[in-house]
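The values are calculated or read from the model by the stated rules, or taken from the named source; none is laboratory data. No experiment lies behind these values; they were computed from the predicted model shown. All Cβ positions, even for glycine, are placed from backbone atoms using ideal geometry, and neighbour counts span all protein chains on display.
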Amino acid sequence: MADDAPRPIGPAELAAFLHDRIPLSAAMAVEVRAAGPTGVELYAPLAPNRNHRDTGFGGSAATLAILAAWSALKVRMSAAGLRGRIVIRRNTMSYDRPITAGFSAEASPPEAEAWDRFAATLERGRTARVHVQATLRCEGLAVGEFDGEFAVLPK
């Protein structure tokens with residue numbers, strides 16, 4: 001198989017990568033509940049991610065959202081055979097409700113038009129930028145929103 005051939009990344013492989021290469025994800029006890037070209041869902045239990053009020057720590061919530069958005073981009077790029085170094089460029093985070101139990105972050109890669117522009121730029125050997133959003137959920141309710149711009153440096 002060629003080094004840049006499309007290669008799907010599943011939940012177990014993504015979890016191993018995150019825990020090995022981003023140790024904070026292991027300390028947070030992050031679980032990968034779903035991972036595929038259409039999106040990613042990550043989960044974190046409350047206990048290692050709580051604050052002094054016994055609700056979710058904002059830093060943990062933001063980290064889970066960033067990890068989900070980054071992972072959605074990585075998984076989709078891998079499935080498409082695209083290579084590059086993904087870095088976060090900027091982001092905003094809103095917290096709409098307290099996190100009172102384990103929580104998840106769901107993210108999908110960009111829609112077709114934005115994806116096509118992104119992929120074409122990267123394939124030309126240029127740094128590509130793209131926005132990815134994630135939604136934080138706790139007990140079925142949306143509790144926060146993340147919007148991030150990622151830059152992908154060609155390899």
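Points worth noting:
- Within region 56-78, residues that are over 24 Å from Pro154 (Cβ atoms) and at pLDDT 95 or above have Cβ atoms under 9 Å from residues that are assigned to a helix (DSSP H, G or I) and of a type in the set (Gly, Ala, Ser) in these pairs: Thr63/Ser25; Leu64/Ser25, counting only partners at least 6 apart in sequence or on another chain.
- Residues of region 51-67 satisfying the condition of being within 11 Å of Leu24 (Cβ to Cβ) and surrounded by 14 or more Cβ atoms within 10 Å (Cβ to Cβ): Ser60, Thr63, Leu64, Ile66, Leu67
- The residues of region 84-109 that are among the β-branched types (Val, Ile, Thr) and either over 14 Å from Leu64 (Cα atoms) or not in a loop (DSSP other than H, G, I, E, B) (or both), listed by number, are Ile86, Val87, Ile88, Thr92, Thr100.
- Test: residue in region 36-43 that is part of a helix (DSSP H, G or I), among the aliphatic types (A, V, I, L, M), at pLDDT 95 or above and over 18 Å from Glu149 (Cα atoms): no
- So Trp115, is it at pLDDT 95 or above, under 18 Å from the mean Cα position of the chain (by Cα), closer than 16 Å to Leu14 by Cβ and not aliphatic (A, V, I, L, M): no
- Within region 105-124, residues that are within 30 Å of Gly56 (Cα to Cα) have Cβ atoms under 9 Å from residues that are assigned to a loop (DSSP other than H, G, I, E, B) and not basic (Lys, Arg) in these pairs: Ser108/Thr38; Pro109/Pro37; Pro109/Thr38, counting only partners at least 6 apart in sequence or on another chain.
- In the condition set (1) of a type in the set (D, E, K, R); (2) closer than 19 Å to Glu145 by Cα; (3) touching a residue at least 12 places away in the same chain (Cβ under 8 Å), Arg50 is compliant with all but (3).
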